[in-house]
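A short write-up of the structure that comes next.
Read the figures in this text as sums done on the coordinates, not as results from a lab. Remember, predicted model here, so these are calculated numbers, not experimental data. Glycine also receives a Cβ, built like all others from the backbone with ideal geometry; neighbour counts cover every protein chain displayed.
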Amino acid sequence: MLIAVVLFASGCSSPTQEVENETGGMVEEVTEGAGDIAEEAEDIAGENKTETVPDKNIVQTAEDAGSFKTLVTAIKTAGLEETLSGEGPFTVFAPTDEAFAALPAGTLDSLLKDKEALTRVLTYHVASGKYMAADVVDMTSIKTLEGSELPVDTTEGVKVGDANVTATDIEASNGVIHVIDKVLIPPQ
C-alpha cells in the first residue's frame, strides 16, 4: 500500500531529504521547520479564540451534575422544565440534594403535592439574566422570577437569603448555576 504524505514542500523553505517509501518510490520528507508551522497556527488560533458555549441547558447541566436530583424532580413536577430549558438566560441558585433533605420533615412532600407553592419556591431561586459570581458579589439583592428581591450578602463569603453559595459559575447554554446549601423560602 502506498502511504504518502503530501506536503507543499516545493513551496516551503524547510530542508527536505528524499527517502524511499514502502513501494520503492522516492518521496520528499520535511526534516526541519514543521513545528514552526504548527506553532504559527497555534499563535493565530490563540489570537482569535472564541469562548466556547456549553451545549447543555440548565436542566440538563443540573441532571448531569448528580447532586441536584431533588431539584430536577421538583422542576419537572412544577412544570418548569421547558422554561428552564428555554432560551433564557437565567441564573439559578441551586440547592443540593442535601439542602432539600435538611428541610423540616414533610416540607418537601407538601411542596411536591402543591404545584403553586412549589413553583413559587423554585422561581425564588431563579433570576432572569446571566449573573456570574463576579456580578453577584457587587449586588445587594437580585430580583427573582418569583417577583421578590433575594438579598445578597458578601460580608463573610457569599450568601443569598440565608443560604451560603458553595460553588459558582457552572455555565450552561442558557445561563449559569450557583450552588447553595439551603432551600430558599420566599417572603410571605
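Fully extending the segment from T140 to D169 would add 8.6 nm, taking 0.36 nm per residue of separation and subtracting the current Cα-Cα distance. For K143, the lysines whose Cα falls under 21 Å of its own Cα, not counting residues fewer than eight places away in the same chain, are K130, K159, K182. Rounded to the nearest 20 debye, the dipole size of region 144-188 about its Cα centre is 80 debye, using +1 on the Cβ of Lys and Arg and -1 on the Cβ of Asp and Glu. Counting every Cα pair in region 58-180, what percent are over 24 Å apart? So the portion of pairs separated by more than 24 Å is 20 percent.
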